Amino acid sequence: MLNAAVLGASGYVGAELLRLLAAHPNVRATRLFGGSRAGDPVAAAHPQLAADYGGAAFETFRGNLDGVDVVFAALPHGETQKIASAILAAGVPFVDLGADFRLNDAATFEHWYGEAHQAPELLGAFTYGLPELHRDEIRSARAVAAPGCYPTATILALKPLLPFIEAGSIIVDAASGVTGAGRVPKEATHFSTVSESFAAYGLLNHRHTAEMEMELGDGVLFTPHLAPINRGILATCYATATAAFDPLQVLQDAYAGEPFVTVSEEPPATKWTLGTNAARMTARYDARTGRVVALAAIDNLGKGAAGQMIQCANLMLGLDESAGLARSGVCP
């Protein structure tokens, strides 16, 4: 059994990592770093995990990774920059969910995040962790930056369609569950604010746009929305086609044999992916307007976060890529 360290274990993504690792056949979470919750029992922050982590408590990370075989970091942006060099120096496979090392240059990071990158020399050390597109690179990587939740759904839906669409025509509307905003309380995510409401935010400047444009190699007009649900991402992507084609067949061919991607005729729902590492997709060509529409649904804490991190770690560690990860959703 391999031992994992989880940084940010007290947050929503940390909780999902712990839940998934509790059932992993090859990896267990043994070092649980929880920042401000250091010293608290894990069950106090995550009562749902008491059966598996009832005797565990959160620690403060001070750089000690003795006995650790893989590191997962689920920290706010800016935090991984402070500790990445020490983790890389330890030579331990490292999967980071923060935004610090997803982008390939410091200037782009500064533009979208409004602050200078503190470790630009390390940007080239990280592989972008979307297995369906970068599986071989992830297998040989020592450090992986797992994508954001919105980019995961968007890139998977659009990447195979790029040869058939006009440059500069991509528009993405996507909605996220409230857990995508993290566990720290905010007025915008209070129950009374979110319940029975549906709102757009981050107009023209949402940070995840940079990842989409980096991986798609084209400009993207992206509008995120907050949905009154706990978990889930639904991305609806539009573009102008260069000629009539069958985008559904293109997606089916592109993802044939992929363990976590299902392409079907039915428009996907977020509930279909709840609690899984799955991505559900469909697409249509509209002859009337000459446009294509592609939809993707994922669990923002699963394929959009903790599940994808474990999928990447499985590849890095030479394990079964699907180990510890579910493909069938919890519904109803």
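Just so you know, all these numbers are worked out from the coordinates, no wet-lab data involved. Source: prediction; values computed, not measured. Neighbour counts run over all protein chains shown; Cβ positions are idealised from the backbone, glycine included.
Quick notes
- In loop segments of the range 281-332 as defined by DSSP, the trypsin sites (Lys or Arg not before Pro) with at most 12 further C-beta atoms inside 10 Å of their C-beta are 288.
- Qualifying trypsin sites (Lys or Arg not before Pro) in the range 1-64, where qualification requires a DSSP coil assignment and no more than 15 other C-beta atoms within 10 Å, comprise 62.
- Dipole magnitude for the chain: computed about the Cα centre from +1 point charges on Lys and Arg Cβ and -1 point charges on Asp and Glu Cβ, it is near 620 debye.
- Cβ-placed point charges (K, R +1; D, E -1), dipole of the range 117-265 about Cα centre in debye, nearest 20: 560 debye
- Computed from the C-beta positions of residue 166 and residue 198, the FRET efficiency with R₀ = 35 Å rounds to 0.75.
- Cα pair distances in the range 150-300, grouped into 10 Å bins until the bin that holds the longest one, percent each: 12, 41, 34, 12, 2
- Contact order relative to length of the range 150-300, as percent, for alpha carbon pairs under 8 angstrom and 6 or more apart: 31 percent
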